[in-house]
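Take a look at the structure below.
The values are calculated or read from the model by the stated rules, or taken from the named source; none is laboratory data. Not measured: the values here are computed from a predicted model. Note: ideal-geometry Cβ built from the backbone for every residue, glycine included; neighbour counts use all protein chains shown. Note: accessible area is taken over every heavy atom of the protein model, side chains too, but ligands, DNA and RNA are not part of it. Shrake-Rupley method; radii C 1.70, N 1.55, O 1.52, S 1.80 Å.
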Amino acid sequence: MRRLGVIVNPIAGMGGRVGLKGTDGPEVLARARALGAEPVSGLRAARALAELRGVAVLAAPGAMGAEPCAAAGLACAVLDGVTPDAQGTREAARAMEAAGVALILFAGGDGTARDVAGVVGTRIPVLGIPTGVKMQSAVFATSPAAAGRLAARVMAGEARFREAEVMDLDEEALRAGRVSPRLHGVALVPEERALMQAGKAGAAVPDEAALDALARRIAGEMQRGRLYVLGCGTTMRRIKRAIGFEGTLMGVDVALDGRLLAADVSEAQLLRLTEQAPATAILGVTGGQGFLLGRGNQQLSAAVLRRIGRENLVVVAGAMKLAALDPACLHVDTGDATMDAELSGYIAVRTAPDRSAMIKVAA
Amino acid sequence: MSGTPKLIHQARWNEPVVMEMGVKGRRGIVFPKAEGDAAALVPAGMRRRSAPALPEMTEHDVLRHYLHLSQQVLGMMGVSLFGTCTMKYNPRVSEALGLRPQMAELHPLQDDSTLQGLLEIVHRFDLILRELSGMDQFVFQAAGGADAAYTHTCVTRGYFAAKGELEQRNEIITSIQAHPCNPATAATAGFKVVTLMLEENGYPSIEALKAALSNRTAALMINNPDDMGVYNPQIAEWVKLVKQAGGLAFYDHANFNGVMGRIRARELGFDACMFMLHKTFGGPKGGGGPAVGAYGCSAELAPFLPKPIVVKDEATGLYRMDHDRPDSVGKVREFLGNLHIVMRAYAWARAMGADGIKEAADIAVLANNYMEKRLLAIPGVARSNPEAKTWRMEMTRYGLGPLKEETGLGVIEVGNRMTDYGIDAPWLSHEPWVVAEPFTPEAGELWSKEDIDLWCDVLAKVCDEARSDPEMVRTAPHNAPIGRVDSEAPEDPARWATTWRAWLRKRAALAQQAAE
């Protein structure tokens, strides 16, 4: 019998209405409560769970799962001894993986996504019911009801899965007025089966196949004696794998002559390395916001970029990812206004072998 | 013709495939025994060792079965605002002309002197398209719009090869909402593809074009308007920039219906253009049947056109096929192409006249904008590029994203349910989808106000049903011969086959798998 795991972060989203950008950490939560914040997560989770019928559920206890399930009229087995905090979320995810659930449906924000995906990795699929304040990660459905419906399809064996990046903002930075999402890992998430129409249109080439082909092309084009500075994220990982090493998912790596020269480098290392040899920087595009520089790859500072030169910047992203940007625009924020201005304008993003898209870059 | 939405019911015969309908010993026709040794007439190596595994049936059973199939397949004859296809009525008189022996029984290898009437039609229609586009020569070899786009990439290759620039000029620029055949044919011909993204006003910016242009640019291939229906008012400036960079400009006139007789590609500076005769010019379309992409170009590019070209000897008044064209790219298709479609298009153009063609374009734009008023009044419907304030041309892309957010039911389910009311499921969108749950209706000049109203009424009713009875919409259609196609099966080679023999083999393998 396929079972669905349900974890609700009961305090997620409480910071939102009282203007606190999030509820990471007990002091902020106390402040949120003092400001009169009320729990919203359980209600939204119940809305998602109401879309599920006749599904065997394994839920975290109390407000962390069992109560929203009951509110939605969904019977469930309940985990024991899980505390209602981040540690409890991680323990629940671990127990659900051990119990062999088909999907963990969790309610929360980016912090909750980090906790769940940090435990289960890409071994079992996860799906987020959006109830948090910050939801940068591509693991969330567009609404609670949409999350419930998609979970129902997973339980009916009617979904496909893809890897999605788990992002989170630095809340302190956010409260200080800076938006600074970072990549924290990769999760396996369900997606609605591509709804194909008969007849006129052929199937689109999915980004995955095109990007793998492009990664091989780029690896093949690399010149001896030249440094290749490879950014973070799943697209860059394809190139790192095409060259022949695993590299750092969340860090910047440097390759030379077809091998990994330095992993997870700092700005200082990059400045030292680029002194000795000409370099090309290859970058991906971050999530739905379309950031090229300044989000999760601050190692590639203005000084490093000046050394490398704009003409040696190669940007790689899937055509579908670019098409989903609204507006169609990439962003740079190197912290150096002159450099940002130099990088602004239009850049050709490589989307597949011999294919590129001309897209606007703005500071 | 129309009225309030009414449920219809399509034919469903629920018969097995013909291969499973045979009964041993039945015959369609019983032939008399041949006199002499008939088998000896067939060389030994060509003789079958055993009889073919055909179902044994009477002629009546076969006829009845295929009539039933045709009812199931062709039974849907409702209002079809199938966008990007410019659905037009195909006048019966053109069909009758096409069936006449002077057309239907011609052989492409006949001597030119015996094809004078046909060649005259080709030449005269060439002149009509020259008038509509300002180009200097048309060819009709290409068997569709994508084939005509491919013709352009071949001509581009020939042109730059002759100039010694082909190595250097290896990029073709297009837009993300140009018809996918443009990047596809450019890639097929060996060019790199540079795609421009749409910006806020519904078309790419001129700055993006400037950034893409260089001494590597071979051509721009673009629709205007594209399927969003927004006419790019800067198009002449675009073409000028492409020419300054040394590239060729190709106008994909797939969406010609809203601008017919109102603009000429050549006057906007384009070097070449393409018309789809099976769509804009009243030829029949559908089912992947015969089509024609009429490709026209300037005198400068004409030497590179596929051959032969139909020419008229002004002295004798006779027509002939000119094969002596040393710079020609050769063939993109055999002979002169699907000439029976050219003939129907010629008949359509002559019947419409220049003024009629202009009027049809205006009606198409008017009908689309009337329909837009009605569609945007339906809760759950959104329009592409909502910031673009200009009037849309002959069609517009919409989306049911808001309805999907609200009900979980999107354009696939809604389209399925619309067929229960005798409305063909709408055309959605070319890839990539830049609008959520997209659909693209196109009224054209064919459909009456009542038809358009009915179409909108049905959509509104189904959107209401999605709220009041979502399960019924989710499981639609209920009145069609085949309810729902399993969309997974075509992607699983174990479950489909292109021949009966392969199907038997795969079915046996599946059965064995199930038994294990």
Handout entry: Filtered residues of the stretch A:220-250 (kept if assigned to a strand (DSSP E or B) and among the aromatic types (F, W, Y))
Key = A:Y228
Completion exercise
Among strands (runs of 3 or more DSSP E) entirely within the stretch B:261-323, at least 3 residues that are more than 21 Å from the chain's Cα centre (by Cα) occur in B:309-313, B:318-322
Problem - Residues that are open to solvent by less than 10 Å² (accessible area, probe 1.4 Å) and among the charged types (D, E, K, R), drawn from the stretch B:248-290 - result: B:D252, B:D271, B:K279
Exercise for the section: Check whether at least one residue in the stretch B:467-477 is out of contact with any Lys or Arg (no Cβ under 9 Å at 6 or more places or on another chain) and closer than 18 Å to B:Y398 by Cβ, and report yes or no. Expected result: no
Completion exercise
Note on the stretch B:323-349: residues small (G, A, S) and surrounded by 14 or more Cβ atoms within 10 Å (Cβ to Cβ) are B:S328, B:G337, B:A345, B:A347, B:A349
Fill in the blank from the handout: For the stretch B:198-212, pairs from a residue that is within 8 Å of chain A (Cβ to nearest Cβ) and at negative phi to a residue that is among the acidic types (D, E) and in a loop (DSSP other than H, G, I, E, B), with Cβ under 6 Å and 6 or more apart or across chains, are B:E200/B:E387; B:S205/B:E199
Practice task
Considering every residue within the stretch B:233-255, establish whether at least one is at the interface with another protein chain (Cβ under 10 Å from one of its Cβ atoms), part of a helix (DSSP H, G or I) and not aliphatic (A, V, I, L, M).
Solution key: no
Problem - Count of residues meeting criterion [surrounded by 15 or more Cβ atoms within 10 Å (Cβ to Cβ) and outside any strand (DSSP E or B)] in the stretch A:267-288 - result: 10
Problem - Count of residues meeting criterion [under 21 Å from A:N297 (Cα atoms) and out of contact with any Pro (no Cβ under 9 Å at 6 or more places or on another chain)] in the stretch A:220-241 - result: 14
Handout entry: Answer residue from the stretch B:220-247, given it is more than 18 Å from A:A357 (Cα to Cα) and polar (S, T, N, Q) and is surrounded by the fewest Cβ atoms within 10 Å (Cβ to Cβ) among those
Key = B:Q244
Practice task
Could you tell me whether B:R467 is open to solvent by 40 Å² or more (accessible area, probe 1.4 Å) and not assigned by TED's automatic domain parsing to the domain that holds B:A367?
Solution key: no
Completion exercise
When every residue in the stretch A:100-123 that is outside any helix (DSSP H, G or I), out of contact with any helix residue (DSSP H, G or I) (no Cβ under 7 Å at 6 or more places or on another chain) and of a type outside the set (G, A, S) is compared, the one modelled with the lowest pLDDT is A:T122
Practice task
With the condition kept exactly as written, say whether any residue in the stretch B:458-473 is hydroxyl-bearing (S, T, Y) and within 14 Å of chain A (Cβ to nearest Cβ).
Solution key: no
Problem - Residue under evaluation B:W455, criteria (1) within 30 Å of B:A360 (Cβ to Cβ); (2) of a type in the set (A, V, I, L, M, F, W, C); (3) within 14 Å of chain A (Cβ to nearest Cβ), criterion not met - result: (3)
Practice task
For the stretch B:488-497, state whether one or more residues are within 14 Å of chain A (Cβ to nearest Cβ), more than 29 Å from A:M320 (Cα to Cα) and either at pLDDT 95 or above or open to solvent by less than 30 Å² (accessible area, probe 1.4 Å) (or both).
Solution key: no
Problem - Failed item, numbered, when B:V42 is tested on (1) over 30 Å from B:K449 (Cβ atoms); (2) open to solvent by 80 Å² or more (accessible area, probe 1.4 Å); (3) of a type outside the set (D, E, K, R) - result: (2)
Problem - Residues satisfying the stated conditions in the stretch B:221-230, i.e. away from chain A (no Cβ under 12 Å), in contact with a helix residue (DSSP H, G or I) (Cβ under 8 Å, 6 or more places away or on another chain) and not β-branched (V, I, T) - result: B:M221, B:N223, B:N224, B:P225, B:D226, B:G229
Problem - Boolean, A:L260 is in contact with a strand residue (DSSP E or B) (Cβ under 7 Å, 6 or more places away or on another chain), assigned to a helix (DSSP H, G or I) and at pLDDT 95 or above - result: no
Practice task
Check the stretch B:405-416 and report whether any residue there is farther than 26 Å from A:G148 by Cα, surrounded by 23 or more Cβ atoms within 10 Å (Cβ to Cβ) and not acidic (D, E).
Solution key: no
Problem - Tally, over the stretch B:63-100, of residues that are in contact (Cβ under 8 Å) with a residue 12 or more places away in the chain and open to solvent by less than 50 Å² (accessible area, probe 1.4 Å) - result: 19
Exercise for the section: Select from the stretch B:412-447 the residues that are within 13 Å of chain A (Cβ to nearest Cβ), of a type in the set (A, V, I, L, M) and assigned to a helix (DSSP H, G or I) and list them in ascending order. Expected result: B:I412, B:V414
Exercise for the section: Sort through B:A104, B:A142, B:A149 and tell me the only one that's within 18 Å of B:P284 (Cβ to Cβ), at pLDDT 95 or above and in the same structural domain as B:D322 (by TED's automatic domain parsing). Expected result: B:A142
Practice task
Collect the residues in the stretch B:162-189 that are in contact with an Asp or Glu (Cβ under 8 Å, 6 or more places away or on another chain), away from every other protein chain (no Cβ under 11 Å) and over 18 Å from B:L209 (Cβ atoms), keeping them in residue-number order.
Solution key: B:A162
Completion exercise
Of (1) open to solvent by less than 60 Å² (accessible area, probe 1.4 Å); (2) at pLDDT 95 or above; (3) within 18 Å of B:Q102 (Cα to Cα); (4) in contact with an Asp or Glu (Cβ under 9 Å, 6 or more places away or on another chain), B:R320 satisfies every one except (1)
Practice task
Select the helices (runs of 4 or more DSSP H) contained entirely in the stretch A:302-363, then report the ones holding at least 2 residues which are more than 10 Å from chain B (Cβ to nearest Cβ) and surrounded by fewer than 19 Cβ atoms within 10 Å (Cβ to Cβ).
Solution key: A:302-308, A:337-343
